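Every read-out reported here was derived from the displayed coordinates using simple, explicitly stated rules and does not represent laboratory data. Just so it is clear, the model here is predicted, and its values are computed rather than measured. Reconstructed Cβ throughout: ideal geometry from the backbone, glycine too, with neighbour counts over all protein chains shown.
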Amino acid sequence: MDLALSQERIIDPIYLWTGPDGRVLQGQSYVNLTETGKLMVMGFMVPMSGAYTCTLSHKVIETTTQEETEMVEAYKFMVYAYREADHAYQVSVRFSTTGCRLRNNDLFIKILKKILNSSISHLTCHITGSSYKCHSIRTPKDGLQYELFVNFLVNPFAPGWEEVCQEFPYDCQDVTNRRVRQAAERIGKFFHQLKHVLKTEFQAVPTIQYMDNSFSMTPIDSCRPGFGRNHHTHQNCASCCGVTGE
């Protein structure tokens, strides 16, 4: 009920709660309804997010005639599932190449992504958001050069991550963050050894070379599938991962 009505005497109140799917909540095992209309949802799951409606029926009795009038008020509440953000790692790295319009550049990035994914797949992590740009750079020492600026994300939610979490339901977030940290460390080690790797794995594109000390990795927040950030919908917790309804 609204604030004004909550300060008044209410005669014969009846509260009817319905959930996001339109079902009446009375009698459902996952809710607790009190005689005063309070709703408690227990064991909250993602599909329970959405609009909850409380329909309040009550009587108004005219003082002089004692005539009764039935009043109906409806109140809607938006309820969302939240969770803390998990971790991911944003990676940036550069390579020298002989030109920006070479097909080998695309081939190189595809092979690189494939190798990185195979090295971390056992951790149920994968590479997402991979992209690159080629720039021409002139230096006083070396003249005109071409460089590939590569970016990608080490993501902990590769296919199979849910099965891993089911094994550790109470420590899922800790396990997820530990897995992606291990994956990021493996990728860091890979790039530190990349000069040798390029000679053995990338024989088809020998013109592309890793640029020393260009590797950088930054931890960032990541929302698991089905969750995201929406500053308009979740204003009270802009940094939280709220359910997206997908």
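Picking from 67, 35, 147, which is most flexible by a Gaussian network model of the chain using Cα springs under 10 Å?
67
Give the residue from 222, 130, 166 lying farthest towards the positive end of the charge dipole for the range 86-225; charges sit on Cβ (+1 for Lys and Arg, -1 for Asp and Glu) and the dipole is referred to the Cα centre.
130
Cut-off 10 angstrom, C-alpha nodes, Gaussian network model of the chain. Which of 93, 24, 60 fluctuates the most?
60
Hey, which aspartates and glutamates would be in cross-link range of residue 113, C-alpha to C-alpha under 20 Å, not counting anything within fewer than 8 residues on its own chain?
Hits, sequence-local ones excluded: 147, 185, 201, 212.
What's the angle, to the nearest 10 degrees (0 to 90), between helix 103-120's Cα axis and the longest principal axis of the chain?
60
So which of 38/59; 114/189; 114/141; 141/189 end up more than 24 Å apart, counting from Cα to Cα?
In this structure, 114/141; 141/189 exceed 24 Å between Cα atoms.
Taking the Cα centre of the chain as origin, work out the dipole magnitude from +1 charges on Lys and Arg Cβ and -1 charges on Asp and Glu Cβ, in debye rounded to 20.
Magnitude of the dipole: close to 2200 debye.
At a 4.7 angstrom Cβ threshold, list every cysteine in the chain that has nobody to pair with, or say none.
Unpaired cysteines in the chain: 54, 125.
Against the longest principal axis of the chain, how steep is helix 172-192, in degrees 0 to 90 to the nearest 10, with axes from Cα atoms?
It is inclined by approximately 20 degrees.
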